[in-house]
Amino acid sequence: MDLSPYESRIERPIRRKIPDLVSNGRLKHLIFSEQLSAELMGELFATADAVHDLSSDEDGARFLQDLLRHKKAMLYFTQTSTRTFLSFVAACQTLGISYADIRDPKISSEYKGESPLDSVRMFSSYFDVIVMRDRTPRFAEACAYMMNDDRDIPIVNGGSGADEHPTQALLDMYTIERAFTFRSPTDSSKRTWYEELRQDHPTLRRGIPGKRFAFVGDIGRGRTVRSLAILLAHHPDVQLHFVAPDVDGLRLSTELKDRLTRAGAEVFEHTRIDDVLADADLVYMTRVQHEHDAADGPEVDWSDFQLTAERARRMRAYAPILHPFPRNTEIPFEVDADPRATYFEQARNGMWVRAALLAHLFGVERRILDQHRAVFGQYHDYNEGVLRAR
Ligand code: NCD
């Protein structure tokens, strides 16, 4: 894809790009997970909690649906998607945003040779936000610059090639923070069994600092691990363990490793899942991205990267199991009954955080939080662990 009009901006180091993606201290576009500061995530997660709670009854659901009735979203997903697409649809419906989608460019004018950049420029004439997924890295980024030059509407990156998936990182962080938040008189975490587990693990602290995270599978080709690891690395005393075949392209890239180390994380590499299970505070499984296999690529025995029920028994009693999904055989169905299997909750969380993100982009999060306070009488304080660590 020809992104040449934006090449010089794309080639800048990330810290020089971030000012182009914000406006008055707020997100204007979401392209990179690195845009998600702890403070911004705290706000988004509080909004996600409020959307979750307000959605639970008819009055709350109606309040939310009236907030953004005047807004329209384009969901431009030319690469396959189930959860990201549908949770954005559900998020739009929750906030009353009407939406249209293109999922197959063959039935749009791109079939007649229209440049995808022109397509996005056209969408911006009809819609108020564009959420996009494409196999071309940097396309979403180029579209954000195009909007800055021409039309002032937000671009949300729903997955850009092997590059970034910032909204997945956002829902993963939400899930992780909630998993390491324990019940207190001021929050309503449902995970009461953690309370009991903590008695057996007195050193277990709230929040992300000081934890060991294990990522397992196709580390080199998956964008979810990349976007999430960058966010985790910014927390103090975090260890990141990557388990992947010792094969170029599948193992952790040197570029990502350097970036994580520079951010302050301790990074370890392993070639067998058995090396990390007993000590991990959380295990993030990933699928093998077979669609990117080269015909002459090496044969890999992926059974060393499966989390079977027998292996799960060796994990810490409190350690959540996450997976961005879709899964193949890396987590057999029998593991789903394990109370640590958090991946369905994780996918559901995607809907709340994406609604929170849309609310932020359109500036209505304060109204949601005020309504929540009026109805529920208090704010949840799930982020105390993170705030205390800063
Ligand atoms: C992932 C993706 O598309 O990057 N899925 C998702 O968005 N939840 C993971 C994958 O394709 O393996």
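When you look at Ala144, is it more than 16 Å from the ligand (Cβ to nearest atom) and over 28 Å from Ile321 (Cα atoms), yes or no?
On the way: more than 16 Å from the ligand (Cβ to nearest atom): yes; over 28 Å from Ile321 (Cα atoms): yes.
Yes.
If you go through the stretch 44-57 one residue at a time, do you hit one that is more than 18 Å from Ala359 (Cβ to Cβ) and either among the polar types (S, T, N, Q) or more than 16 Å from the ligand (Cβ to nearest atom) (or both)? First the steps, then the outcome.
Step one: filter the stretch 44-57 for residues more than 18 Å from Ala359 (Cβ to Cβ), giving 57.
So of that shortlist, the ones also either among the polar types (S, T, N, Q) or more than 16 Å from the ligand (Cβ to nearest atom) (or both) come out as 57.
Yes: the stretch 44-57 contains one or more residues that are more than 18 Å from Ala359 (Cβ to Cβ) and either among the polar types (S, T, N, Q) or more than 16 Å from the ligand (Cβ to nearest atom) (or both).
Tell me whether the stretch 355-378 contains one or more residues that are within 28 Å of Gln289 (Cβ to Cβ) and within 13 Å of the ligand (Cβ to nearest atom). Show your work before the answer.
Taking the stretch 355-378 first, the residues within 28 Å of Gln289 (Cβ to Cβ) are 357.
Narrowing the set further to residues that are within 13 Å of the ligand (Cβ to nearest atom) leaves none.
Checked against the condition, which is being within 28 Å of Gln289 (Cβ to Cβ) and within 13 Å of the ligand (Cβ to nearest atom), the stretch 355-378 yields no hits at all.
When the stretch 153-162 is examined, which residues are found to be modelled with pLDDT under 95 and either among the polar types (S, T, N, Q) or under 17 Å from Leu117 (Cβ atoms) (or both)?
Those that are modelled with pLDDT under 95 and either among the polar types (S, T, N, Q) or under 17 Å from Leu117 (Cβ atoms) (or both): Ser160, Gly161.
Taking the residues in the stretch 91-109 that are in a helix (DSSP H, G or I) and surrounded by fewer than 17 Cβ atoms within 10 Å (Cβ to Cβ) as candidates, determine which candidate is nearest to the chain's Cα centre (by Cα). Reasoning before the result, please.
Going through the stretch 91-109, the residues in a helix (DSSP H, G or I) turn out to be 91-94, 105-107, 109.
Subset that is surrounded by fewer than 17 Cβ atoms within 10 Å (Cβ to Cβ): 93, 105-107, 109.
Numbers: Gln93: 20, Pro105: 25, Lys106: 28, Ile107: 29, Ser109: 31 Å.
Selected residue: Gln93.
So which residues in the stretch 206-240 are within 16 Å of the ligand (Cβ to nearest atom), open to solvent by 10 Å² or more (accessible area, probe 1.4 Å) and of a type in the set (D, E, K, R)?
Matches in the stretch 206-240: Arg221, Arg223, Arg226.
If you go through the stretch 69-85, how many residues are surrounded by fewer than 15 Cβ atoms within 10 Å (Cβ to Cβ) and within 17 Å of Leu171 (Cβ to Cβ)? Lay out the reasoning, then the answer.
Keep residues of the stretch 69-85 that are surrounded by fewer than 15 Cβ atoms within 10 Å (Cβ to Cβ), which gives 69-70, 80, 82.
Checking the rest, the ones that are also within 17 Å of Leu171 (Cβ to Cβ) come to 82.
Final tally of qualifying residues: 1.
The values are calculated or read from the model by the stated rules, or taken from the named source; none is laboratory data. Fair warning: this is a prediction, and the values are worked out from it, not measured in the lab. In this analysis, Cβ positions are derived from the backbone assuming ideal geometry, glycine residues included, and neighbour counts consider all displayed protein chains. Only protein heavy atoms, including side chains, enter the accessible area calculation; ligands, DNA and RNA are left aside. Shrake-Rupley method; radii C 1.70, N 1.55, O 1.52, S 1.80 Å.
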